[in-house]
Amino acid sequence: MDQKLVLDQFKAELLGALQHLKYSYGKVLKMSTDLTALSSEDLESWEGFASRWARVSDIFIAKIMRARVLLGDPAFRGEMRDFVDQAEKIGLIDDADLWMKIREIRNQVAHEYLLKGVAPLLNQMRDLAPILLSIEGKLKP
């Protein structure tokens, strides 16, 4: 399969996801993370934000990083951490540890079902959203 074509498809997917994340980020930017005190509409806004944040991080880490690394080195093999480290080496990202933290937060939120345990994660996601939104600039060839 043509890795350049795959990468271009992933970029298009990510650009759309980034637009949705921007919208949701604007809605939750100043919203409380005390989910027990929020209206159903506000809870829906947080849910949309968390879902879109996770989607953007997944597309970028699991698809874009992997495709960019393989485009430069088709024989590259490794685990997720290896691809993230390589993405840092080729200048796609600035900090592999930060992106592994983003991946960890995404995984925690995906498996968190209790309202009381989500607030700190939502705060972290909101704080890290500008980093996710900035990746649009990394999509240029």
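The values are calculated or read from the model by the stated rules, or taken from the named source; none is laboratory data. Treat the numbers as computed from the prediction; the structure is a model and nothing was measured. Quick reminder, even Gly has a Cβ in these numbers, built from the backbone with ideal geometry, and neighbours come from all protein chains shown. Please note that ligands, DNA and RNA were not included when accessible areas were found on the heavy atoms of the full protein model with its side chains. Shrake-Rupley method; radii C 1.70, N 1.55, O 1.52, S 1.80 Å.
One table, with the values for the structure above:
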| item | result |
| --- | --- |
| Cα-projected label distance for Ser32 with Ala110, points at 7 Å along beta-carbon direction, nm | 3.1 |
| Accessible area in square angstrom per residue, the stretch 61-141, 1.4 angstrom probe | 56 |
| Linear extension gain, His20 paired with Asp82, 0.36 nm per residue minus alpha-carbon span | 19.4 nm |
| Derived scalar couplings ³J(HN,Hα) [the stretch 121-126; Karplus, 6.51 cos²θ - 1.76 cosθ + 1.60; whole Hz; x for Gly, Pro] | 5, 5, 4, 5, 4, 5 |
| Estimated distance in nm for a label pair at Ser39 and Ile90, the labels positioned 7 Å out from Cα along Cα-to-Cβ | 4.7 |
| Relative contact order of the chain, pairs being alpha-carbon contacts under 8 Å that are 6 or more residues apart, as % | 32 |
| Cα-based Lys proximity count in the chain, under 13 Å, for pairs eight or more positions apart or on separate chains | 5 |
| From the coordinates shown, semi-axes √(5λ) of the Cα gyration tensor in Å corresponds to which of (1) 30, 15, 12; (2) 27, 16, 13; (3) 61, 14, 10 | (1) |
